[in-house]
1. Take every Cα-Cα pair in region B:357-522 and report what % of them are more than 21 Å apart.
2. Probe 1.4 Å, all protein chains in place: accessible area of B:Lys531 in Å², nearest 10?
3. Using packing as a proxy for protection, rank B:25-32, B:219-226, B:486-493, B:339-346 so that the peptide with the highest average count of other Cβ atoms within 10 Å comes first.
4. Keeping all protein chains in the complex and leaving out DNA, RNA and ligands, what accessible area do you get for A:Tyr83 with a 1.4 Å probe, in Å² to the nearest 10?
5. Ranked by accessible surface with a 1.4 Å probe, highest first, in what order do B:His41, A:His155 come?
6. Kirkwood Rh over Cα pairs of region B:3-211 into Stokes-Einstein at 37 °C, 0.692 mPa s: D in µm²/s?
7. Which shape class, rounded, prolate or oblate, goes with region A:87-163 when its Cα gyration tensor gives a ≥ b ≥ c as root eigenvalues, a/c under 1.5 marks rounded, and past that a/b bigger than b/c marks prolate?
8. With angles folded into 0 to 90 degrees, how steeply does helix B:520-535 sit against the dominant principal axis of chain B? Use alpha carbons for both and round to 10.
Amino acid sequence: MKTDIILSGVGGQGILSIAASLGAAALNENYYLKQAETHGMSQRGGAVVSHLRIADHPIYSDLIPISNADLILSVEPMESLRYLPYLSPEGSLVTNTAEFVNIPDYPDLEETFTELAKNINIIRIDADRIAKETGNPKASNMVMLGAASPFIAIHDEIIIKGIETIFKAKGEKIVEMNIEAFKAGREFTLSKS
Amino acid sequence: MQRKLLMGVEAIGQAAVDAGISGVYAYPGTPSTEITEYIQHNKLAIERNIHREWSANEKTALEAALGMSYAGKRSLACMKHVGLNVAADVFMNMAITGINGGLVVVVADDPSQHSSQNEQDSRFYGKFAMIPVFEPSNQQEAYDMTYEAFEFSEKTGLPVMLRIPTRLAHSRAGVVSRPVQNENPLHLPSNPMQFMLLPAYGRKYYQNLLDKQNWLIRLSEESSYNDYFEGKDKSLGIVCCGIAYNYLMENYPEDNCPYPVVKISQYPIPEKLLHKLEKECDELLVAEEGYPLVEEQLTDFFGKGTRVWGRLNGALPRKGELNPDHLAKALGKELKEPLKMPETLAGRPPSLCAGCGHQDSYEALNEVIADAGNGRVFADIGCYTLGALPPYSTINTCVDMGASITMAKGAADAGLVPVFAVIGDSTFTHSGITGLLDCVVEKTNINILIVDNETVAMTGGQDSSAKGRIEKICEGVGVDPEHIRLFVPLKKNHIEIVQIIREEMAFNGVSVIIGRRECVQRIAKTKKMNKAIKQV
Ligand SMILES: Cc1ncc(C[n+]2csc(CCOP(=O)(O)OP(=O)(O)O)c2C)c(N)n1
Ligand code: SF4
């Protein structure tokens, strides 16, 4: 078993909470994990990416080879496209549709996504809206994790335990709300396929 | 065994504490910062109350670490690659004095320059100083090698350099720890003149260092971190340094690399293993993260004209980080045609945060420069370096920490009037004060803008040694108090700020203009920390 995930977004969007939840899940299950992140300069509103690799055997490289990612999980639509060369042709792309516009030349991506969808499996989800609907507008990243979870080779119950582990310190209510968000995201993707 | 998910930098911090250090000395710098931050928050480090405050710069940090070693205790110093340039004087000389308590210098390199001015390879410094260099290939090795480095340092009587690249520094994996060791007792060097580099002593100690070199090579050959892996196909032998080994093995998921491989994680290079590889194989490929150090060394090493492939002859890229795909290509593997990044994508460069005071300082400075003329703003390193990009495009230089004031001085000496220096509070106390002294001594016509956000923002909001001290430092150095001016960088103060800069520009002498408002990210961080403390 192995799942190679490219996590992407914009500095400050908190993609690392997604990585941390999956990391905790992997560790609970005694899986091997490597997760390379971006720190420093690129965090100031720039593009950020994390390579997350989970397997039941030791992993060598911290970086995912080109055309090898099983999943691109992006909390921002344009950023989901920046790392396409990493995606395996059989892989899936799951992205939030909420645009983060902090540059003057943000392109219209509708056509690009339509074109791409002919060849690869794409799930586009308005995670911000779904997070609001579940009563936890701050949990859109967990909605995204839920939406991507059908493409991750870890049982969803185990990912939920991972979410519990990392939000535990913030109290039961926060844990509950994040799990709700996760489930809503998962529901969205399952209803599409 | 309990595995803990740790970044390479965290594994190093944990290992150093477990190995019984009595202090960490560091100045922040990506990707090394989190080693010290990890120790600052580590329970055992807090219980033992080991030294863990930030130093003013890398030179003061490394010198203090050496002082702690003099007193017999184990010490750790951490910095980014360019930080070692600042600390190079003590670094080179402490190879000659040797150490008393174990001393490890962690240097974090940044190939591909994710957040640095260059991608220099610190292993060259290690070779230059003739000290042992450890280069772990993964997080567990980062832990184990750090843990063992202190004992190794004490055994050899030398400081040990531990070198990591960004990818290892900022990547997580499960790590198993080892038993906690006690701190060393205080004990002075048995030779009271060990740290006395008067030439008569220095010559003798240099000879000692030279005499140790063969022993160090032998220790490298015996090290469990350097390895020889047999392979059936002798048409090629592969040398992999540090994490390059992972990129090679990623191409052989069944652990079935057909070629013999030498993995190097400890220097000086293990000569025996390399001779064996050369003898068995027709040609060699050297994969190393950084400059072609081993490749250059091996090119003439065997004296037989053996072909050595690597970064110098295009088998691997000449610069930048390696990755598994580079190795695949070098090994002649067929790669699938990857999906293409759509051409419509726009870049997303980093930018100053909304509400950042640096913006207000640059708005005002731009208005003044519009009259004074372009090409005269010498700046420095920090968040404010983003002022080089639109929409501000205010600053003209960023070279090395502190160079704003001194380069502006040189330009002023050349006759450029007016000149401006823009420097952050932390950069000012890191390396700006001596340059200011030069200006004061020579009454240079210079306008120095200290953009004081009361923190080291670029690296994540650490405490700044400058906090609450800048005016006094400037006065102490000899700046006329009338020309030390203060403003609050806020939009509503724009007219006042422009006025202050204009007045000081008209003055023929040293002016220091301080714009002070706390970094908004640092404010948020403090709030978050206070909340976390309350919850506990
Ligand atoms: C010699 C050296 N050490 C460390 C760094 C890493 N570094 C870059 S900017 C910076 C500090 C910036 O602090 P400050 O001057 O207060 O500016 P701010 O980022 O807060 O605006 C540091 C530590 C470096 N580039 N060079
Ligand atoms: S981190 Fe602080 S200093 Fe840096 S850009 Fe943001 S607000 Fe400005």
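The values are calculated or read from the model by the stated rules, or taken from the named source; none is laboratory data. Not measured: the values here are computed from a predicted model. Positions of Cβ are backbone-derived with ideal geometry, glycine not excepted, and every protein chain shown enters the neighbour counts. Only protein heavy atoms, including side chains, enter the accessible area calculation; ligands, DNA and RNA are left aside. Shrake-Rupley method; radii C 1.70, N 1.55, O 1.52, S 1.80 Å.
1. Tail of P(r) above 21 Å: 37 percent of Cα pairs.
2. Spelled out: B:Lys531, probe radius 1.4 Å, area about 140 Å².
3. Listed from highest to lowest mean packing, they are B:25-32, B:219-226, B:486-493, B:339-346.
4. The value for A:Tyr83 is about 30 Å².
5. These residues rank, largest area first, as B:His41, A:His155.
6. Roughly 197 µm²/s, to the nearest whole number.
7. Oblate is the answer for region A:87-163, as a/c is 1.5 or above yet b/c matches or exceeds a/b.
8. Tilt of helix B:520-535: around 70 degrees.
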